[in-house]
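Notes follow the structure.
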Amino acid sequence: MKRFKARGLLAVMVVSAAIAGCGVQDKPSNNQGSAPTATAAPSIEPTPEMNEIEATIYLTDAELTETVENPVKLSYETDSDLVSAAIKALQQDAGDNALSLWKPIEVKTVVLEDGLVTVDIHLPDEARLGAPGEMFVIETLKQTLFQFEFVKSIELLVDGAEIETLMGHVELEHPMMKEQQQ
């Protein structure tokens, strides 16, 4: 009885494979005497001009005692793209003594509108730090984004909501405003 079931199963698998392999293929017809059909030439759209800027991404040292400057080149088309590129660079380490505290943080959305950058994040448990780490997460974001003249304020949301503190230690301003240099 087991041999009969095994043979039956094998037969079903062979037939299924044969049916799947014999799919209908569209072949161009070679009708003689018919006029060739014209194909539309692909339209050539002008590619947007990519800009490149040297920016500073702010990271922290391994002991969480100070910020570390990491000069990078960012490519972008719009100011919104530049902000997104800067945040993406903020999530990357730059060596043994230049660590990103943003690396484990999931950035859900980044929106730039009228000088306000709204960053919506998800904060997994492995991204939660003590008071010094929380302070550096906020400071590195502010220093990185406020270097751009068009960024006037930053709204940091966690899972779409304004929260009082990011990790329970440092109070968040809503929004964080750029300090005026005098």
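Would you check if V137 is under 24 Å from E49 (Cα atoms) and of a type in the set (A, V, I, L, M, F, W, C)?
no
Which number in (1) in a helix (DSSP H, G or I); (2) under 15 Å from F148 (Cα atoms); (3) open to solvent by 80 Å² or more (accessible area, probe 1.4 Å) marks the one condition that P71 misses?
So the condition that P71 fails would be (1).
Kindly evaluate T109 against the criterion of being outside any loop (DSSP other than H, G, I, E, B), at pLDDT 95 or above and exposed (fewer than 12 other Cβ atoms within 10 Å of the Cβ).
Judged against the criteria, T109 is a match.
Mind checking which residues of the range 140-163 are part of a loop (DSSP other than H, G, I, E, B), of a type outside the set (D, E) and touching a strand residue (DSSP E or B) at 6+ places or on another chain (Cβ under 7 Å)?
Those that are part of a loop (DSSP other than H, G, I, E, B), of a type outside the set (D, E) and touching a strand residue (DSSP E or B) at 6+ places or on another chain (Cβ under 7 Å): Q147, V151, K152, G160.
If you take the residues of the range 74-93 that are open to solvent by 50 Å² or more (accessible area, probe 1.4 Å) and part of a loop (DSSP other than H, G, I, E, B), which of them is farthest from V117 (Cα to Cα)?
D93
If I ask for residues that are in a strand (DSSP E or B) and touching a residue at least 40 places away in the same chain (Cβ under 8 Å), which ones from the range 119-134 would you list?
Answer for the range 119-134, where residues must be in a strand (DSSP E or B) and touching a residue at least 40 places away in the same chain (Cβ under 8 Å): just D120.
Kindly provide the set of residues from the range 94-106 that are part of a strand (DSSP E or B) and open to solvent by 70 Å² or more (accessible area, probe 1.4 Å), ordered by number.
E106
Can you work out which of the residues in the range 140-159 that are out of contact with any Asp or Glu (no Cβ under 6 Å at 6 or more places or on another chain) and more than 23 Å from N70 (Cα to Cα) is most open to solvent (accessible area, probe 1.4 Å)?
Filtering the range 140-159 for residues that are out of contact with any Asp or Glu (no Cβ under 6 Å at 6 or more places or on another chain) and more than 23 Å from N70 (Cα to Cα), the one most open to solvent (accessible area, probe 1.4 Å) comes out as D159.
Which condition breaks for V137 when tested against (1) outside any strand (DSSP E or B); (2) of a type in the set (A, V, I, L, M, F, W, C); (3) open to solvent by 50 Å² or more (accessible area, probe 1.4 Å)?
(3)
The values are calculated or read from the model by the stated rules, or taken from the named source; none is laboratory data. Just so it is clear, the model here is predicted, and its values are computed rather than measured. Using ideal geometry, Cβ is built from the backbone for each residue, glycine included, and neighbour counts are taken over all protein chains shown. For the accessible areas, the whole protein counts, side chains as well, though only heavy atoms, and no ligand, DNA or RNA atoms are used. Shrake-Rupley method; radii C 1.70, N 1.55, O 1.52, S 1.80 Å.
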